[in-house]
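The values are calculated or read from the model by the stated rules, or taken from the named source; none is laboratory data. Computed from a predicted model, the values in this text were never measured in an experiment. All Cβ positions, even for glycine, are placed from backbone atoms using ideal geometry, and neighbour counts span all protein chains on display.
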Amino acid sequence: MTPPRSVVPRNGRAARADPSSAPAAAYLVAGDDPSLVSQAARSLIESLAGERDASLVVEEHGAPSVDELDIGVVLDACTTPPFLVDRRVVVVREAGRLAARDGARLVAMLERPVEGVVLVLVGGSGTVPAALVKAVGALGGLVETAVGTGRARTTWVAERVTESPVRLDAAARSAVEAHLGEDLGRLSGLLDTLAAAYGTGATVGMAELEPFLGEAGSVPPWDLTDAVDRGATTAALVALHRLLGPGGRAAPELVAVLHRHFSNMLRLDGALARSGEDAAQLLGVRSPFVAKKAMAQGQRLGSERLGQAITLVAEADVDVKGRTALPPDLVLEVLVARLARLARGASAAELRR
């Protein structure tokens, strides 16, 4: 079977169901952002239910712990033909908590699916059994909600803005992407709020957008490390504050990010790596691009400054864990400013040469 044309597995979007198309026997909605996973699952379920009465079509299963999920009940639902309607949608929440043996039982069921029954697995914490992921993938039902980075992320935002009930001008669209950062799960709600405030079809500029933006979203940790490497203190502090924001990362976690960043440079210092591939092998990482960046920045800093950076990070590590009475946020601000100053010093020395 193939997925209905209304379902777009690569990014998790789903429109109204096309009654002329047959759904897959099973779908798995997966991703790193729980909000995006939830939104994609809701759209998919609505698409599968179509104009049918959802109370007759959709059957929900799942609980905070796998012990409370009765896989036998799920299997009964999946192997019982629909009654009074032509389709039953069996939804299993927190599929990442399924045990391998439960996944195997679902795989066996999917080898002979019951016509008219669609299983929707919604990922959550934990890992969905690999055999189950493979089986659902073979049916064409993987719905990946990952946004991606760089151009892919910009395209993702642009597509959702284009499909939204309001139009954002170029400045507002850029501001939304920058402001939300990693918290793109807020985008749908923001667009709906703008439509409620200004009306469907309205064009929204910066003046209309700003009152509704709320707290700035988090950013990826490489925004912080890239700014530090450039010696851009202000940009590094902005990234730090967004990473520490509501629902963000704890101070010890960010110290660990900086420690790993400079430790990679230290491991390559004096090594015989000549390329990104060489550096990646030495560091045990997959990306030659990331490894090459670490090698280049380490060479720019030099052994002495690398040693100073590691010392600063080590001191901050014990400080955020209570060695001083300073607030952890302040310890991190001082650390980031000092690390950026080291990078600026290296750049200045490079120019003098």
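Table for the structure above
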| item | result |
| --- | --- |
| Spans of helices (runs of 4 or more DSSP H) in segment 161-217 with at least 2 residues over 25 Å from Leu243 (Cα atoms) | 187-198, 206-209 |
| Number of positions in segment 252-278 that are assigned to a loop (DSSP other than H, G, I, E, B) and either of a type outside the set (A, V, I, L, M) or modelled with pLDDT of 90 or more (or both) | 4 |
| Segment 263-278, subset farther than 18 Å from Ala309 by Cβ and not acidic (Asp, Glu), residue surrounded by the most Cβ atoms within 10 Å (Cβ to Cβ) | Ala273 |
| Among the candidates Thr127, Thr145, residue that is touching an Asp or Glu at 6+ places or on another chain (Cβ under 8 Å), closer than 30 Å to Ile71 by Cβ and not charged (D, E, K, R) | Thr145 |
| Segment 148-174, subset among the aliphatic types (A, V, I, L, M) and in contact with an Asp or Glu (Cβ under 8 Å, 6 or more places away or on another chain), residue surrounded by the most Cβ atoms within 10 Å (Cβ to Cβ) | Ala172 |
| Filter result (modelled with pLDDT of 85 or more, buried (at least 18 other Cβ atoms within 10 Å of the Cβ) and either within 30 Å of Gly298 (Cβ to Cβ) or within 24 Å of the chain's Cα centre (by Cα) (or both)) within segment 195-236 | Pro221, Asp223, Leu224, Thr225, Ala227, Val228, Asp229, Gly231, Thr233, Ala236 |
| Entirely in segment 37-140, the strands (runs of 3 or more DSSP E) that have 2 or more residues that are farther than 30 Å from Trp156 by Cα | 58-61 |
| Selected residue [within 31 Å of the chain's Cα centre (by Cα) and in a helix (DSSP H, G or I)] from Gln281, Gln299 | Gln281 |
| Any hit, segment 107-115, residues being under 15 Å from Arg93 (Cβ atoms), surrounded by 18 or more Cβ atoms within 10 Å (Cβ to Cβ) and either touching a residue at least 12 places away in the same chain (Cβ under 8 Å) or not β-branched (Val, Ile, Thr) (or both) | no |
| Scan of segment 237-248 for residues that are of a type outside the set (Gly, Ala, Ser) and either more than 25 Å from Phe289 (Cβ to Cβ) or buried (at least 18 other Cβ atoms within 10 Å of the Cβ) (or both), ordered by number | Leu237, Leu240, His241, Arg242, Leu243, Leu244, Pro246 |
| Check on Leu332, under 16 Å from Asp229 (Cβ atoms) and crowded, with 16+ Cβ neighbours inside 10 Å | no |
| Number of the condition not met by Asp32 [criteria: (1) touching a Gly at 6+ places or on another chain (Cβ under 7 Å); (2) part of a loop (DSSP other than H, G, I, E, B)] | (1) |
